[in-house]
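A.B. asks: Sharing a structure below in structure tokens format, with a few things to ask.
Read the figures in this text as sums done on the coordinates, not as results from a lab. None of these values were measured; they are calculated from a predicted model. Backbone-built Cβ (ideal geometry, glycine too); neighbour counts: all protein chains shown.
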Amino acid sequence: MGQRVVDIRRLHLEDNRELLSPPLLVELYQCAIGVTVFGFLPHAEIDIEVDGAVVVTQQVGFPEPVGATLPLPAPLVAGQTVRSRQRLGGLQSDWSQPSTVLDHTREFPAGPPRPQINPAPPLECGVRTGVANLLGAETSGSPRTGPRSAASMAALRPCRA
């Protein structure tokens, strides 16, 4: 499926400065100790609601390229619902659509997916490399010290519910 660039001036759309869209949440898994949001305005204040209670309010920086990860006061539990909203310049967005926390042991019964080197291939002279496709993981190892296991450069710390 191809992408097509449309010049918005041709559509005669006007910027509505009184409208603020809710930020987007990434997929959430149990035991997560943080929530990553995208699609907010730079320096907005973000609220995170878990099961109807606001648990985090934090001012963030710029949304690109990796969004903002806000720490939670307690790990998430499968089945909880999470929503987000943003505030900036006296405006407040609606709450985002609720996102239900998933059980990673049901989503990935054979274990989490293997980490992916991103971007690949890493440079021989590099001191760091990006790793993608991690589910609430801590990375370990480096080109200088070598990975902790031969299988990958990222090790997952098991979730203790």
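A.B. asks: Along the range 70-80, what does the Karplus equation 6.51 cos²θ - 1.76 cosθ + 1.60 (θ = phi - 60°) give for ³J(HN,Hα), rounded to whole Hz, x for Gly and Pro?
C.D. replies: Going residue by residue, I get 9, x, 9, x, 8, x, 6, 10, 3, x, 5 Hz, with x marking Gly and Pro.
A.B. asks: Counting only residues 5 or more places away or on other chains, whose amide H sits under 5 Å from the amide H of residue 80 once H atoms are built in the peptide plane?
C.D. replies: 101
A.B. asks: In 10 Å bins starting at zero, report the fraction of Cα pairs in the range 16-104 per bin as a rounded %.
C.D. replies: Taking every Cα pair in the range 16-104, the percentages come to 19, 53, 25, 4.
A.B. asks: Another question about this same structure. Sort 72-78, 60-66 by the packing proxy (mean of other Cβ within 10 Å over each peptide's residues), most packed first. Please list the in-between numbers first.
C.D. replies: Values: 72-78: 14.3, 60-66: 11.7.
Packing proxy ranking, top to bottom: 72-78, 60-66.
A.B. asks: If you don't mind, there's one more thing I want to ask. Mind ranking 82-88, 48-54 by how tightly packed they are, going by the mean number of other C-beta atoms within 10 angstrom, highest first? Could the numbers behind the result be given before it?
C.D. replies: Working: 82-88: 20.6, 48-54: 14.6.
Ranked by mean Cβ neighbours within 10 Å, highest first: 82-88, 48-54.
A.B. asks: 5 Å is the cut-off here: which amide hydrogens, built 1.01 Å from N in the peptide plane, fall below it relative to residue 35, excluding neighbours closer than 5 in sequence?
C.D. replies: Residues meeting the amide H criterion: 70, 72.
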